[in-house]
Amino acid sequence: MDLSNLKPAKGSTKREKRIGRGQGSGHGGTSTRGHKGAKSRSGYSKKLGYEGGQMSLVRRVPKFGFKNFNRVEYKGINLDILQQLAEKKGLSVITLEVLRENGCSSKNDRIKILGRGELKAKLDVTVHGYSATAKKAIEELGGVANTL
């Protein structure tokens with residue numbers, strides 16, 4: 001066996017169905033579309049979500065709730081993550097750039113420090129927001145919690 005005589009396994013490939021190429025092909029005439037009706041015409045496409053006249057799912061399911069399009073989404077980072085960063089990298093100042101470089105956030109994330117975990121290092125933190133417990137924990141150790 002070599003590259004010159006490779007071929008697919010028997011029965012693994014099928015010939016393309018050549019539609020609308022005359023009666024001799026076996027798929028001439030109506031071109032496998034049946035007789036008459038919208039589905040036999042060119043340009044036919046059924047509407048998205050159409051269920052043959054049955055009330056569509058979109059209309060059966062009730063609408064509820066409220067989406068506030070002015071909502072500001074924050075990425076939460078906990079105190080234990082800050083503590084790990086401070087220990088590993090020997091940091092005393094934490095900014096958005098530091099968090100991005102260490103993979104804690106993405107480019108356009110707004111960051112909020114949350115209060116899970118224990119903080120032992122004195123840190124100067126500059127981010128978009130703080131929970132009350134996080135701000136208290138940072139300031140108790142003599143650190144500074146700056147808001148952007």
Inspect all residues belonging to segment 59-74 and state whether any of them is surrounded by 10 or more Cβ atoms within 10 Å (Cβ to Cβ) and either in contact with a Ser or Thr (Cβ under 6 Å, 6 or more places away or on another chain) or in a loop (DSSP other than H, G, I, E, B) (or both).
no
(1) within 30 Å of R110 (Cβ to Cβ); (2) surrounded by 10 or more Cβ atoms within 10 Å (Cβ to Cβ) all hold for R33 apart from (1)
Kindly provide the set of residues from segment 115-132 that are exposed (fewer than 13 other Cβ atoms within 10 Å of the Cβ) and either small (G, A, S) or outside any loop (DSSP other than H, G, I, E, B) (or both), ordered by number.
A132
Please list, ordered by first then second residue, the pairs with beta carbon atoms under 8 Å, 6 or more apart or interchain, first in segment 22-33 and in contact (Cβ under 8 Å) with a residue 12 or more places away in the chain, second exposed (fewer than 12 other Cβ atoms within 10 Å of the Cβ) and among the basic types (K, R).
T32/K17
Per the filter on segment 93-109, residues closer than 16 Å to V144 by Cβ and assigned to a loop (DSSP other than H, G, I, E, B) are T95
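Any read-out appearing in this document is the output of simple, stated calculations on the displayed coordinates, not a laboratory observation. What you see is a predicted model; the values in this text were computed from it and never measured. Ideal geometry is used to build each Cβ from the backbone, glycine not excepted, and the neighbour counts take in all protein chains shown.
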